[in-house]
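Okay, so here's the structure we're looking at.
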Amino acid sequence: MGAEQVGQRVDELERRLRALEDERDIAQLIARYGPLVDAGAATAAAQLWATDGSYTVEDNRMAGRAAVQSMVESEAHQRLIDRGSAHFLAAPVISVDADTAQAVCESLLCLRHTDGYTLLRATANHFRLARIDGRWQIVERTAHLLDGSESARSLLTRAVH
Amino acid sequence: MGAEQVGQRVDELERRLRALEDERDIAQLIARYGPLVDAGAATAAAQLWATDGSYTVEDNRMAGRAAVQSMVESEAHQRLIDRGSAHFLAAPVISVDADTAQAVCESLLCLRHTDGYTLLRATANHFRLARIDGRWQIVERTAHLLDGSESARSLLTRAVH
Amino acid sequence: MGAEQVGQRVDELERRLRALEDERDIAQLIARYGPLVDAGAATAAAQLWATDGSYTVEDNRMAGRAAVQSMVESEAHQRLIDRGSAHFLAAPVISVDADTAQAVCESLLCLRHTDGYTLLRATANHFRLARIDGRWQIVERTAHLLDGSESARSLLTRAVH
C-alpha cells in the first residue's frame, strides 16, 4: 500500500469518525435536557441553546438563553419539579450537514400525583442545531403537543424522511 | 512503523468504524418509527421494512410493506393520531452479525384524553434486520403486549443476553 | 505524508474510536436493564453489575450481584412482571474517564392494570461504571423517585454538567 493510498484511507476514516462524533454530541446534548430541567439547573439548561437560540412551545416563543433560563426558574416550572416531574425525551433522529443539523424526537412530561404519576403531555420536538465555537448548540427548538394537529405532525416528519 | 503494519491498523479501524455505523444506522431506523406513524406518514413508515418484511403484533401478522402502510392508513390508526398519540420507543439493544442484525426494545403507546394522556400499551419488541441494497431494513418485527405472558418475555431476552 | 505522521493520525483515530466504542458499550449495557428485569432474567440482570457492585433505590441498598438477583426473583418483582411491567430507561448522558465512567438517565415504571397501564414511578438514576476484565460493569447505581427531593435532583446533575 503506497503512502498516498494510506493517506486517502485515513482521510476517509477521519471524515466518517467525525460524523459519528457529531451525532453522538447532538444526542448527548438532547439527552441532557430532561435531567437538567427536572433538577432545576436553569443556567446549565439554558446553555444547551445558542446565545440567540429560541424555544417555541405551541404559541409561546422563548428567545435567547435568558428566556429559557426564566422558564426553568418560573413559578409554573418550579411547581412541577417540587411535586416531581420527568421530562422524558426519546432518542432523536439526527441528520447532520457540516456545521448545522436537525433532530426530531417525541417527549413525555410525567408529573407525580397522590399515587404514581400522570402523563401531562406528549410532545413532538424539532431541533435545529449549529456547531458554534466548536460545540453543538440548539439554534431553534420547536415543540407542539401531539394533539392531532398539523403543527405537531409537520414537526415529526421534517427530519425523518 | 512499516507500511504493512499501517495497512493492518487501518483495516482494523475500518472494521470497527463500520460496526459503529451499522449500529447507528439501525438505531436511527428504529427511532424513525414513532415519529413517522404518529405523523401518519404511511409510505415512509412502510419503507422502514424490507419489501417482504413482516410486522406481527400479538396475533395480527402484517406481511409486506403494503400491509404496514395499510395499518397506518387504517381507520383505527387514524383515530389514534387524530386524537393525538405517541408511539414511544426506548433505545434498542442491538447486535449485528455481518449483514443481519437483531434489536430489542420496549415501547409505550400514549393517547391523548380529556386532561393529559393515558398509557394504552407497553410492548416488547424484537426486530430482525438485514442490509439490503446497502440499507438496513426490518425483515421481521414481532411485538407483544407486556402482559406477563411468556410470548412477551421471550422477545425481550432473544437479543440481550 | 511521512510514516511518522501517518502513525500519529492512526493513533489519534484509535483513541477517538475507542471513546465512541466505550460510550456505545455503556449505553447498550444500560439499555439491557429494562428488557432483562421485565423478562425476569435475574442472573443476566445481575451480571450487568460488577461482582461487588451496588444498587440503591431510595433507602434500600442491594450490595453484590446476588442481592440484585434476589430483587428480580423477589415476590414483589415477580408480581409486577406477572401482571406486566415496563422498566423504561431514557438514553443516558455518559461521561467516560479512561476505565471509569458515569451515566445519568431518568426511568419510568409502567404497570398493566385493567385497561391500559399506570405510571407507578418516575426515577432519577446515576450510574458509576468501571471497565473490569475488559467489560463495562455497573459499580454503583443510585436511583431516587422524582419526588421534588434534593436526593433526586442531585443525582440528575452529577454527570450532566
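Take A:ILE132, push a point 7 Å out from Cα through the beta-carbon direction, and compare it with the same point in every other copy: 4.3, 4.3 nm, smallest first. Neighbours of C:PHE88, meaning other residues whose beta-carbon lies under 11 angstrom from its beta-carbon, give a summed charge of -2 when Lys and Arg score +1 and Asp and Glu score -1. Couplings 3J(HN,Hα) for the stretch A:85-95, derived from phi with the Karplus relation 6.51 cos²θ - 1.76 cosθ + 1.60 (θ = phi - 60°), are 10, 10, 8, 10, 9, 6, 4, x, 7, 10, 9 Hz, where x marks Gly and Pro. Approximating the spin labels as points 7 Å out from Cα along Cα→Cβ, the C:GLU21-to-C:ALA67 distance works out to 3.3 nm. In this assembly of identical copies, the label point of C:THR56 (Cα plus 7 Å along Cα-to-Cβ) is separated from its counterparts by 4.6, 4.6 nm, sorted shortest first.
Derived scalar couplings between HN and Hα for the stretch B:96-111 equal 9, 10, 6, 9, 10, 7, 10, 8, 9, 7, 9, 9, 10, 10, 10, 10 Hz in order, rounded to whole Hz, by the Karplus curve 6.51 cos²θ - 1.76 cosθ + 1.60 (θ = phi - 60°), x for Gly and Pro.
Would you calculate a helix-derived [θ] at 222 nm for the protein assembly as shown, using -39,500 (n - 2.57) for each DSSP H run of n ≥ 4 and dividing by the full residue count, to the nearest 500? Result for the protein assembly as shown: -14000 deg cm²/dmol, rounded to the nearest 500. Remark: the stretch C:91-161 projects, on average over all directions, an area of 6.0 nm² (convex hull of Cα atoms). Apply the a/c threshold of 1.5 to the C-alpha gyration tensor of the stretch B:39-79 and tell me whether it is rounded, prolate or oblate. It is oblate, given that a/c is not under 1.5 and a/b is not larger than b/c.
Using DSSP, restrict attention to beta bridges with both residues in the protein assembly as shown and report what percent are antiparallel, rounded to the nearest 5.
90
Considering the protein assembly as shown, its Cα convex hull presents a mean projected area of 22.7 nm². For the residues of A:104-115, the average number of beta carbons from a partner chain within 10 Å of their own beta carbon is 5.
Close amide-amide hydrogen proximity is noted between C:ALA91 and A:ALA91, B:ALA91, each under 5 Å apart and 5 or more residues distant or on a separate chain (H modeled in the peptide plane; Pro and chain starts excluded).
Restricting the calculation to Cα atoms, every distinct pair contributes to the Kirkwood radius of the stretch A:1-142, found to be 16.6 Å. Positive contributions from Lys and Arg (+1) and negative ones from Asp and Glu (-1), summed over other residues with Cβ under 9 Å from the Cβ of A:ARG131, come out at -3. Once backbone amide H atoms are built at 1.01 Å from N, B:VAL139 has B:ALA50, B:ARG128, B:LEU129, B:ALA130 as its partners under 5 Å, excluding neighbours fewer than 5 places away on the same chain. At 7 angstrom along the Cα-to-beta-carbon line, where would the label on C:GLY7 sit relative to the other copies? Give the distances in nm, shortest first. Result for C:GLY7, in nm, nearest copy first: 1.9, 1.9.
A simple rule links phi to the HN-Hα coupling: the Karplus curve 6.51 cos²θ - 1.76 cosθ + 1.60 with θ = phi - 60°, which for the stretch C:52-66 gives 9, x, 10, 9, 10, 10, 6, 8, 9, 9, 9, 10, x, 4, 4 Hz, with x for Gly and Pro. Considering the rotation that superimposes chain B on chain C, the residue of B whose beta-carbon lies nearest the axis, and that distance in Å, is B:ALA91, 3.
Between C:ASP99 and B:THR43, the simple label model (points 7 Å from Cα in the Cβ direction) yields a spacing of 5.5 nm. Summing charges over neighbours of C:ALA31, with a neighbour being any other residue whose Cβ is under 13 Å away from its Cβ, gives -3 when K and R count +1 and D and E count -1.
From the Cα gyration tensor of the stretch A:50-110, with a ≥ b ≥ c the square roots of its eigenvalues, which class applies: rounded if a/c is under 1.5, or else prolate if a/b is larger than b/c, or else oblate?
Oblate is the answer for the stretch A:50-110, as a/c is 1.5 or above yet b/c matches or exceeds a/b.
For chain B, with a Gaussian network of springs between Cα atoms less than 10 Å apart, report the residue from B:ARG18, B:ARG32, B:ARG128 with the top mean-square fluctuation. Of the options given, B:ARG18 has the highest mean-square fluctuation. For the pair the stretch C:39-62 / the stretch C:71-145, the C-alpha centres are spaced 9 Å from each other.
Only the coordinates and a few stated rules stand behind these numbers; no lab work does. Here the structure is a predicted model, which means the values were calculated and not measured. Cβ sites come from the backbone with ideal geometry, for glycine too, and all protein chains shown count toward neighbours.
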